[in-house]
Amino acid sequence: MKRVRILLADDHAIVRDGLQALLHSRPGYQVVGQADTGQEAIALAGKLRPDVIIMDIHMPGMDGIEAVRTIRSFSLKTRIIMLSMYSDPLYVRQALRLGANGYLLKQAAAAGLLEAVDCVLSGKKYLSPELETDAEILSGISHLTPREQETLKYIARGLKGKEIASALGVSVNTAKSYRTRLMNKLGLHDIASLTRFALEHDLT
């Protein structure tokens with residue numbers, strides 16, 4: 001039986017201990033490291049190269065979201081499950097867009113942890129059942145107005161601020177406001193990420 005090597009990252013030892021007990025109830029699952037900050041999670045991810053990381057979103061210093069971004073810069077194979085108390089779709093979309101493979105609510109961890117690990121190891125995305133439908137959260141498109149979708153298309157085509165404003169028939173400031181709303185709704189923070197999102201969803 002192939003062992004599944006797992007890294008836990010949460011700033012509460014009692015949470016890590018509970019997760020470890022659950023994981024060790026499954027033959028072959030082994031917790032190989034524990035971190036209580038985002039920085040430590042990054043360091044251990046680089047050193048241990050685990051198969052799965054289960055990471056809290058809110059930790060002292062660097063949070064889990066930023067840690068995911070950094071880990072993805074050097075490790076594409078490791079599966080990452082975000083652990084959070086928050087079910088806000090903005091948190092979920094941001095985590096998934098930055099490279100997380102799953103999003104597990106803390107209040108559902110006891111019942112859903114093993115299923116979440118199994119799911120991401122099989123190559124699928126995992127969301128706690130209490131969250132919105134997979135399609136709505138994973139795409140984010142349903143939250144965009146027609147104007148925002150148009151703006152996204154022009155961004156993906158390489159148009160700049162004035163060019164986008166001209167194409168939309170609005171002022172430069174209005175075009176900038178559309179771009180800002182896009183970033184906030186999708187949890188993306190730069191033009192490259194918006195362009196990648198548009199290409200992934202055929203919005204060009």
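Miscellaneous remarks
- Residue under evaluation SER166, criteria (1) at pLDDT 80 or above; (2) under 30 Å from ALA108 (Cα atoms); (3) out of contact with any Ser or Thr (no Cβ under 8 Å at 6 or more places or on another chain), criterion not met: (2)
- Filtering region 148-163 to residues that are part of a helix (DSSP H, G or I) and touching a Ser or Thr at 6+ places or on another chain (Cβ under 8 Å) leaves LYS153, ILE155, ALA156.
- Matching entry among ASP56, ASP36, ASP63, ASP17 (being of a type outside the set (Gly, Ala, Ser) and without any contact (Cβ under 8 Å) to a residue 24 or more places away in the chain): ASP17
- If you go through region 67-81 and keep only what is surrounded by fewer than 21 Cβ atoms within 10 Å (Cβ to Cβ) and assigned to a helix (DSSP H, G or I), you end up with ARG69, THR70, ARG72.
- GLU40 at pLDDT 90 or above, surrounded by fewer than 17 Cβ atoms within 10 Å (Cβ to Cβ) and touching a strand residue (DSSP E or B) at 6+ places or on another chain (Cβ under 8 Å): no
- SER84 passes every criterion in (1) among the polar types (S, T, N, Q); (2) buried (at least 19 other Cβ atoms within 10 Å of the Cβ); (3) free of Cβ contacts under 8 Å to residues at least 24 places away in the same chain apart from (3).
- GLY33 meets each of the listed conditions (1) part of a helix (DSSP H, G or I); (2) in contact with a Pro (Cβ under 9 Å, 6 or more places away or on another chain) apart from (1).
- So SER75, is it at pLDDT below 95, farther than 14 Å from ALA100 by Cα and assigned by TED's automatic domain parsing to the domain that holds GLY102: no
- Criterion: within 20 Å of the chain's Cα centre (by Cα) and of a type in the set (A, V, I, L, M, F, W, C) - qualifying residue of ILE14, ILE6: ILE6
- Single residue of region 38-66 satisfying the filter (part of a loop (DSSP other than H, G, I, E, B) and touching an Asp or Glu at 6+ places or on another chain (Cβ under 7 Å)) that is nearest to LEU188 (Cα to Cα): ILE57
- A residue that is on the phi > 0 side of the Ramachandran plot and in the same structural domain as GLN107 (by TED's automatic domain parsing) occurs somewhere in region 14-28.
The values are calculated or read from the model by the stated rules, or taken from the named source; none is laboratory data. Quantities reported herein were computed from a predicted structural model and do not represent experimental measurements. Note that we place each Cβ from the backbone using ideal geometry, even for glycine, and neighbour counts take in every protein chain shown.
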